[in-house]
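Comments concern the structure below.
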Amino acid sequence: MDRKELYKKASDLPKLPGVYIMRNRKNEVIYVGKAKRLKLRVTSYFRVGANHMPKVEKMVSNVDDFDVIVVDSEFEALTLECSLIKQHRPKYNILMMDDKGFSYIRISKDTYPRITAELQKKKDDAEYLGPYISSYAVKQMTEVANTAFRLPTCSYQFEKVPRKRPCLNAHLGLCNAPCTGNIALDDYLSDVSNAKILLTKGTDEILKMLHSQMEEYSENLEFEKAARARDAIAAIEKLDEGQKVVKEGASKDIDVFAFAGNEKDSCAVALIFRGGKLVDKHEQMLYETTDLAEVREEFLSHFYLGGNEPPKNVLLDEDVDYHEEIEQYLSERRGSSVKILVPQKGEQKKIVDMAYQNALERLRRESGRKTKSEAALGELANRLGLSSFPKRIELYDISNYGTDAVGGMVVFVNGEPKKSEYRRFKIKSVIGIDDYASMREVISRRINRYEEGSPGFSEKPDLILLDGGKGHLDTIMPIMAESAFADVPVFGSVKDDKHRTRGIVSPEGEIELSMHKNAFNIVSKMQDEVHRYTIEYERKSHSKKAFRSSLLDIEGVGETRAKILLKHFRTIRAISEASVEELAAVKGISQNAAKAVWEYYHG
């Protein structure tokens with residue numbers, strides 16, 4: 001089917017919750033999605049003139065047909081969507097498949113078994129633990145196990161004639177040197193068994209067992225074995241202490257999700273904490289995808305499809321529309337209650353910020369051409385809870401002189417000023433000084449120019465920042481809501497008593513920026529620029545007004561005669577001191593005009 005036929009088919013769908021399945025010409029499932037209202041969601045893909053992101057446009061261009069499944073509730077839609085994605089693994093869905101794939105911990109079947117990290121299972125008789133979602137956790141876990149029990153990480157074949165001198169690792173206390181016969185095979189196998197317990201059951205279980213073993217060895221006067229158990233306990237506790245990231249009082253088992261984006265791509269990061277320690281990290285780049293709200297919801301609901309069990313608490317950087325449905329879905333997967341939290345302060349907020357910094361850093365590494373300004377905008381977008389990267393930002397300021405006022409609009413594209421699109425407004429409808437009414441007039445005129453398609457006003461902003469606080473927001477929100485700018489996010493940018501940027505104001509209150517250096521700096525830069533531009537216009541207007549009151553207000557003197565007089569006499573003072581004869585002697589100035597000028601300055 002072509003796009004018109006697909007749109008017509010979608011127009012017949014009901015406004016009910018359900019799942020839609022996109023197929024290509026080969027009848028392959030290429031995308032699965034859920035919707036609260038199927039008709040509205042599916043028609044949005046095929047509407048003429050729809051402005052899709054490149055990745056979505058690519059998916060839509062490959063759609064030949066689609067199916068829908070109507071369900072009774074949004075929760076059922078979410079559950080069915082996850083099931084179909086797991087079954088079909090569609091090409092255009094956000095899947096938990098990065099270039100790393102799954103990883104495993106391998107315990108060989110050699111006489112002296114080795115514990116190693118592997119990216120895939122080999123066709124051998126070794127024992128494999130896993131799969132794990134990323135190689136990060138596998139490498140960390142194997143390193144902890146080998147270090148704690150001083151297991152060898154070299155490739156030496158211990159069945160050979162023993163060495164006379166051990167390697168450097170043995171001298172550093174990192175290996176028990178089975179290559180020299182320093183440890184009996186039974187003791188070595190016991191260490192491997194304990195390492196496996198550490199890997200599968202965690203530090204609490206192995207520490208309990210080692211303490212028991214140490215007491216037993218001591219009772220039996222096996223002091224060498226007791227010392228090895230003691231050293232293993234000390235090594236594990238030291239490593240365990242170094243891993244503690246979640247402080248006392250915070251939840252110990254949590255999954256933390258944060259998302260960052262620029263004008264082209266997004267990055268998702270999941271930090272996995274168990275027992276108060278960071279045990280896994282998962283990063284995924286989402287190319288040609290910038291709608292962070294959609295990414296956040298889809299990533300969270302699909303993250304656990306690979307068999308990972310959700311913890312009791314899941315932390316997010318921003319909330320999602322399907323909050324209750326995803327909570328219910330994760331609770332059913334876990335078999336007990338799961339809570340999705342969006343912390344605003346405290347220890348958990350710090351952990352979410354750490355996840356966000358990881359996402360921002362990965363995004364920066366992936367897009368090497370990304371400028372510092374774009375990185376700052378990504379941070380700003382996250383702080384403001386924007387669903388996508390604000391490529392075009394418009395800032396507005398009002399400046400008063402006397403009883404008159406002017407407005408200024410500056411434009412930043414990708415964090416850099418675009419001066420060719422700066423605009424000035426002379427306030428016409430406001431009498432006296434009224435910043436709120438003046439801002440309302442400026443925004444109304446801007447929106448009207450956009451709706452009329454006026455040159456220089458035809459592009460819609462991704463974000464509007466007003467030089468002012470909540471009062472400025474309250475006065476323009478009703479105008480925005482009834483216009484083509486209804487979907488444009490608007491914030492105020494406020495200053496302290498020394499006229500320095502302090503933070504951002506939303507309709508709900510102030511958003512602190514001082515802890516986010518990049519975002520703070522770029523907002524300050526933009527706020528200073530709109531203030532400079534508006535003040536400059538106000539001063540020029542004021543200067544022009546003063547000029548008019550001195551010459552252009554004289555009857556019989558227009559702009560041409562005013563320029564002739566200024567060119568001849570150089571200054572207003574010289575004109576005011578000239579006689580009628582001197583004024584009339586200037587070419588282009590009549591006798592009557594000369595008398596009018598003289599009388600104006602001499603009463």
Rounded to the nearest 0.05, what FRET efficiency do ASP187 and ASP125 give with R0 = 30 Å and r taken as the Cβ-Cβ distance? Could you check?
-> 0.80
With all pairs of different alpha carbon atoms counted, what Kirkwood hydrodynamic radius in Å does segment 414-503 show?
-> 14.4
Among LYS109, LYS277, LYS350, which comes first, second and so on when ranked by fewest other beta-carbon atoms within 10 Å?
-> LYS109, LYS350, LYS277
So, relative contact order of segment 254-369 in percent, Cα under 8 Å, 6 or more apart, is 32
Using all C-alpha to C-alpha distances in segment 103-243, build P(r) with 10 Å bins and read off the rounded percent in each one.
-> 11, 41, 36, 11, 1
Give the order of HIS211, HIS302 when sorted by the count of other beta carbons within 10 angstrom, beginning with the fewest.
-> HIS211, HIS302
Helix-only CD estimate at 222 nm, as mean residue ellipticity for the chain, using -39500 (n - 2.57) per DSSP H run (n ≥ 4) | -14000 deg cm²/dmol
Rank by packing, highest mean first: peptides 351-364, 479-492, with packing defined as the count of other Cβ atoms within 10 Å averaged across residues.
-> 351-364, 479-492
Once the Cα atoms of helix 346-366 and of the chain are each reduced to a long axis, what angle between those two axes, in degrees from 0 to 90 to the nearest 10, is obtained?
-> 80
For the chain: relative contact order, % (alpha-carbon pairs under 8 angstrom, 6 or more apart) = 8
Segment 3-88 - percent relative contact order, Cα under 8 Å, separation 6 or more = 39
More than 47 Å apart - percent of Cα-Cα pairs taken over the chain | 39
Footprinting exposure proxy for THR290, THR571, THR200 (fewest neighbouring C-beta atoms within 10 Å first) = THR571, THR200, THR290
Most packed first (mean Cβ within 10 Å per residue), the peptides 382-393, 20-31 order as 382-393, 20-31
Quick one: Cα convex hull volume of segment 254-369, Å³ per residue?
-> 103
Taking Lys and Arg as +1 and Asp and Glu as -1, residues besides PHE46 with C-beta under 10 Å from its C-beta add up to +3
The value for segment 1-117 (convex hull of the alpha-carbon atoms, volume per residue, Å³) is 132
For segment 554-602, what D do you get in µm² per second when you plug the Kirkwood radius from alpha-carbon pairs into Stokes-Einstein at 10 °C and 1.306 mPa s?
-> 154
Working from Cα positions, state the angle (0 to 90°, nearest 10) between the long axis of helix 435-452 and the longest principal axis of the chain.
-> 80
Tally Lys and Arg at +1 and Asp and Glu at -1 over the other residues with C-beta under 11 Å from the C-beta of CYS179: what net charge comes out?
-> +3
Helix 470-481: inclination vs the chain longest Cα principal axis, degrees, rounded to 10, gives 90
Return the long-range amide H neighbours of LEU341 (sequence gap of 5 or more, or a different chain), with a cut-off of under 5 Å between placed amide H atoms.
-> VAL314, LEU315, LEU316
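None of the figures in this text is laboratory data; all of them are computed from the coordinates on show. The structure displayed is predicted, hence computed values, not measured ones. When we count neighbours, we look across all protein chains shown, and the Cβ atoms used for this are built from the backbone with ideal geometry, even at glycine.
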